[in-house]
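Colleague: Can you keep this structure in mind? I'll have questions shortly.
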Amino acid sequence: MSDNITESTVPKNFIAAIIEKDNETGKYDGRVATRFPPEPNGYLHIGHAKSICLNFGLAKGFGGTCNLRFDDTNPSKEEVEYVDSIKEDVHWLGFDWDDRLFYSSDYFDQLYAFAVQLIKDGKAYVDSLSAEEIRKYRGTLTEPGKDSPYRTRSIEENLDLFERMKNGEFADGEHLLRAKIDMASPNVIMRDPALYRIRKVAHHRTGDKWCIYPMYDFTHCISDSLEKITHSVCTLEFENNRPLYDWVLENLGVYRPQQIEFARLNLSYTVMSKRRLIQLVEEGHVSGWDDPRMSTISGMRRRGYPAAAIRNFCERIGVAKATNMVDFALLEFSVREELNAHSPRYMGVINPLKVVIENYPEDKTEEFEFQNNPEDPDAGTRMVPFSKVLYIERDDFMEDAPKKFFRLAPGREVRLRYAYYIKCTDVIKDENGEVIELRCTYDPDSKGGGTPDGRKVKGTLHWVSVAHAKEVEVRLYEHLFTRENPMDNKDGSDFKDHINPDSLKVLPKCYVEPILGDVQPGFKCQFERIGYFCVDKDSTPEKPVFNRTSTLRDTWKKIEKKQNAK
RNA sequence: UGGGGUGUCGCCAAGUUGGUAAGGCAACGGAUUUUGAUUCCGUCACUCGCAGGUUCAAGUCCUGCCAUCCCAGCCA
């Protein structure tokens, strides 16, 4: 279902430069091992795609490996539904972890043993202060913390307490295993960080085997070490944690990968924090994590974004350490670029206007051969039926058309793509003055869309034969949020205030080429002229879903606006 | 009033051991066009957060400011 990745070149970014240098100095004997370590507490979004492309791309580019590891150390937030979706999304993006699928929870026994080792070395202790007391003892950003009274417990007592923690003798929050580092450290993270907490919750993989769970800072570095990762790539907010990452491995005396941080992706007028994504789903603003308007990988997949487009996008935005805000237009460009090159282009009408070709025989039907994608000869051709009565897009007709309007208007001639030139001779209206039908004549000599006399026509319309077209329900998806506001929340507004109420429009009576009635899931096509494309039908198996690209919308309005401005 | 990062065109982002500012998006011109799409050509930073300094020469070195992000979960 995913596109294939055809090329694998060495990525060009500062992390690749570090790896290159390490390869030169033989730091890891030329070995390159990365990992993508999501916590299964939600669906993957476009920000994760950056990390996936980076980690798997680095591995691929240097002939190394990239593991998929679920960082599942907090059972109260994690679910198997999430691990399944994450695996699917990574695969769909075109990456493969082969047999290197790991879970932090696989290491719980080893992690426990390492914790015992630290206790035995006098480098960890069981604290019995309450959460609130611990917070007070930690000090502030500007003031040092102070030692817990339990910091000096004997090794024996610590060992005993920790084992009893594991055996479930205490309630949640009663005790906590902490590293004994420095309560006065200017780096707050180093002020005796928590290593293990009691949490009597079932884990999605280990069930109720454990009631104590290791913290991220203790787990992540050890997992990396056990998997012999060389370059542990993560986002900037973990920079403060790196000294702890190194401290744990150094004090355990085990293999030490290096942590490298990069800036996470921010996309304009888009939310990506898991908290807000969950909110959108739970409060019903969207149909689910994979709603086509979501910034999730699965949402973009349903919206028709090709995996290659997302990969190219991640390539284009680069990898650096400066906090960024990438314009959504860059993502859209990547999508259009991919669609333009590879998706079949069909015709469809979302707001039909009937056209009767008066001089065309009543019962005649012809078929015209269309190129599926004029830019891609390998895409092949298809036959499209044509007859006397057609539908065209309502926007493609204007009764009092300005000179610059190139489409159909009374007395004007246009081309029906790959079919004939037609001229509008009459406009029929209902009692309300609404245009309900156009009477036209066609030029039989213009068959195929060209004329012997070489006369030019400015407009080319898409069309559909009423007798042959499939009626479908089209869903028009726009961006979930309005594009006027940066959503920086600096004006005190909630991100939900920026939800675009018109982001989903359901159009019941639309008409498409007959061939589209058999559209398969995962099939994408771009509509001629108006730029709609079909996306998969995962959750609406009975009806095709359509979507349009942003730059092609409201074409005439844009042109008109531009001309007025002049 | 602490520590750790980052500051190159509207948005991303390259800038090698100092040698005289890549590329992409957006925008704006123009050509081609059976999608007003695509494609194509052209324009778009005398300047690199600011101020000093070193040097024949600094985005790249030094000093001092300023701005901004992250850290006080028994989250990751």
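Colleague: Name the residue farthest towards the positive end of the dipole of chain A from the options A:Tyr346, A:Tyr420, A:Met398, assuming +1 on Cβ of Lys and Arg, -1 on Cβ of Asp and Glu, about the Cα centre.
Modeller: A:Met398
Colleague: Continuing with the same structure: Summing Lys, Arg as +1 and Asp, Glu as -1, what charge do residues with Cβ under 12 Å from the Cβ of A:Ala320 carry, A:Ala320 excluded?
Modeller: Summing Lys and Arg as +1 and Asp and Glu as -1 gives +3.
Colleague: Next up: Identify all lysines with a Cα-Cα distance to A:Lys561 below 22 Å; exclude those on the same chain that are fewer than 8 residues away in sequence.
Modeller: Straight-line reach from A:Lys561, under 22 Å: A:Lys403, A:Lys404, A:Lys458.
Colleague: Here is a further query. Let me confirm the definition first: pairs of Lys residues in the range A:131-202, 8 or more apart or on different chains, C-alpha distance under 18 Å. How many are there? It would help to have the intermediate numbers written out before the result.
Modeller: Working: A:Lys136/A:Lys146; A:Lys136/A:Lys180; A:Lys146/A:Lys180; A:Lys166/A:Lys200.
For the range A:131-202, qualifying lysine pairs total 4.
Colleague: So with the 1.4 Å probe, I'd like the accessible area per residue for the range A:77-119, rounded to whole Å². Write out the running numbers ahead of the final one.
Modeller: Numbers: 1790 Å² over 43 residues.
Counting only protein heavy atoms, the per-residue value for the range A:77-119 is 42 Å².
Colleague: If Lys and Arg each add +1 and Asp and Glu each add -1, what is the summed charge of the other residues whose beta carbon sits under 13 Å from the beta carbon of A:Ala329? Provide the component values of the computation, followed by the final result.
Modeller: Numbers: positive: A:Arg316, A:Arg336, A:Arg483; negative: A:Asp327, A:Glu332, A:Glu337.
Every neighbour counted, the sum reads 0.
Colleague: Oh, and also: Strictly greater than 30 Å: what percent of every Cα pair in chain A meets that?
Modeller: Values: 98133 of 159895 pairs.
So the portion of pairs separated by more than 30 Å is 61 percent.
Colleague: So how tilted is helix A:328-342 from the main axis of chain A? Cα-based, degrees 0 to 90, rounded to 10.
Modeller: 60 degrees
Colleague: Which entries of A:Lys505/A:Lys562; A:Lys423/A:Lys447; A:Lys354/A:Lys429 have Cα-Cα distances beyond 20 Å here?
Modeller: Values: A:Lys505/A:Lys562 27 Å; A:Lys423/A:Lys447 14 Å; A:Lys354/A:Lys429 11 Å.
The pairs that break the limit, which is 20 Å between Cα atoms, are A:Lys505/A:Lys562.
Colleague: Okay, moving on. What list of ³J(HN,Hα) values in whole Hz, one per residue of the range A:187-203 in order, does the Karplus curve 6.51 cos²θ - 1.76 cosθ + 1.60 (θ = phi - 60°) give from phi, with Gly and Pro shown as x?
Modeller: For the range A:187-203, the Karplus curve yields 8, 4, 4, 8, 7, 6, x, 6, 10, 9, 10, 8, 8, 7, 9, 6, 9 Hz.
Colleague: Moving on. Just to check I understand the Karplus step: with θ = phi - 60° and J = 6.51 cos²θ - 1.76 cosθ + 1.60, what whole-Hz values come out for the range A:219-232, glycine and proline as x?
Modeller: Those phi angles translate into 6, 4, 5, 5, 4, 4, 5, 4, 7, 6, 5, 9, 10, 9 Hz.
Colleague: Sequence gap of 8 or more, or different chains, plus Cα separation below 22 Å: how many lysine pairs satisfy both in the range A:1-132?
Modeller: Step by step, the pairs that qualify in the range A:1-132 add up to 10.
Colleague: Would you please give the FRET efficiency between A:Ala329 and A:Val506, computed as 1/(1 + (r/R0)^6) with r the Cβ-Cβ distance and R0 = 22 Å, to the nearest 0.05?
Modeller: On the way: r = 26 Å, r/R0 = 1.19.
The formula returns an efficiency of 0.25 here.
Colleague: Quick check for me: using +1 on Lys/Arg Cβ and -1 on Asp/Glu Cβ, what's the dipole size of the range A:355-442 about its Cα centre, in debye to the nearest 20?
Modeller: Details: 13 positive and 20 negative charges, 76 e Å.
That gives a dipole near 360 debye.
Colleague: Expressed as an acute angle from 0 to 90° and rounded to the nearest 10, what is the orientation of the C-alpha long axis of helix A:242-252 relative to the principal long axis of chain A?
Modeller: Rounded to the nearest ten degrees, it is 50.
Colleague: With each pseudo-label sitting 7 Å past Cα toward Cβ, what's the A:Lys200-A:Glu174 distance in nm, one decimal?
Modeller: Each label point lies 7 Å from its Cα, and together they span 0.8 nm.
Colleague: Computed FRET efficiency, Cβ-Cβ of A:Thr235 and A:Glu471, R0 30 Å: what is it to the nearest 0.05? Write down the numbers at each step before the final one.
Modeller: Values: r = 48 Å, r/R0 = 1.60.
The calculated FRET efficiency here is 0.05.
Colleague: Excluding A:Tyr137 itself, calculate the net charge of residues whose Cβ lies under 14 Å from the Cβ of A:Tyr137, where each Lys or Arg counts +1 and each Asp or Glu counts -1. Before the final figure, lay out each step's value.
Modeller: Values: positive: A:Arg135, A:Lys136, A:Arg138, A:Lys146, A:Arg151, A:Arg178, A:Lys180, A:Arg191; negative: A:Asp127, A:Glu132, A:Glu133, A:Glu143, A:Asp147, A:Asp182, A:Asp192.
Surrounding charge for A:Tyr137 is +1.
Colleague: Let me ask something additional. Tally the DSSP beta bridges in chain A and give the antiparallel ones as a percent, rounded to 5.
Modeller: Numbers: 53 of 76 bridges.
Roughly 70 percent of the beta bridges in chain A run antiparallel, per DSSP.
Colleague: Length gain on complete extension for the stretch A:Arg276 to A:Lys136, per 0.36 nm per residue less the alpha carbon to alpha carbon distance? Don't skip to the answer; put the middle values down first.
Modeller: Values: separation 140, 0.36 × 140 = 50.40 nm, distance 2.99 nm.
My answer for the length gained is 47.4 nm.
Colleague: Let me ask something else about it. Using alpha-carbon positions, what is the distance between the centroids of the range A:220-292 and the range A:16-74, in Å?
Modeller: Between the Cα centres of the range A:220-292 and the range A:16-74 lies a distance of 12 Å.
Colleague: Would you please give the residues with an amide H less than 5 Å from that of A:Ser503, counting only those at least 5 places away or on a separate chain, with H modeled from the backbone geometry?
Modeller: When sequence neighbours closer than 5 places are left aside, there are no close amide H contacts.
Colleague: Multiplying the sequence separation of A:Arg151 and A:Glu367 by 0.36 nm and subtracting their Cα-Cα distance, what value in nm do you get? All intermediate terms of the calculation are to be shown ahead of the outcome.
Modeller: On the way: separation 216, 0.36 × 216 = 77.76 nm, distance 8.52 nm.
Roughly 69.2 nm would be gained on extension.
Colleague: Which one of A:Asn67, A:Asn266, A:Ala308 has its Cα pushed farthest toward the positive end of the charge dipole of chain A, where Lys and Arg give +1 and Asp and Glu give -1 at the Cβ?
Modeller: A:Asn266
Colleague: Assign one of three labels to the range A:1-121, namely rounded, prolate or oblate, based on the Cα gyration tensor with a ≥ b ≥ c the square roots of its eigenvalues; rounded applies when a/c is under 1.5, prolate when it is not and a/b is larger than b/c, and oblate otherwise.
Modeller: On the way: a/c = 2.43, a/b = 1.16, b/c = 2.09.
Oblate shape, in that a/c is at least 1.5 and b/c is the bigger or equal ratio.
Colleague: May I ask you to evaluate 6.51 cos²θ - 1.76 cosθ + 1.60, the Karplus curve with θ = phi - 60°, for each residue of the range A:174-182 and list the ³J(HN,Hα) values in order in whole Hz, giving x for glycine and proline?
Modeller: Going residue by residue, I get 6, 9, 8, 8, 10, 7, 9, 10, 6 Hz, with x marking Gly and Pro.
The values are calculated or read from the model by the stated rules, or taken from the named source; none is laboratory data. Quick caveat, the model's predicted, so the values are computed rather than measured. Cβ atoms come from the backbone with ideal geometry, glycine included; neighbour counts cover every protein chain shown. Accessible surface is based on the protein model in full, side chains and every heavy atom, while ligands, DNA and RNA are left aside. Shrake-Rupley method; radii C 1.70, N 1.55, O 1.52, S 1.80 Å.
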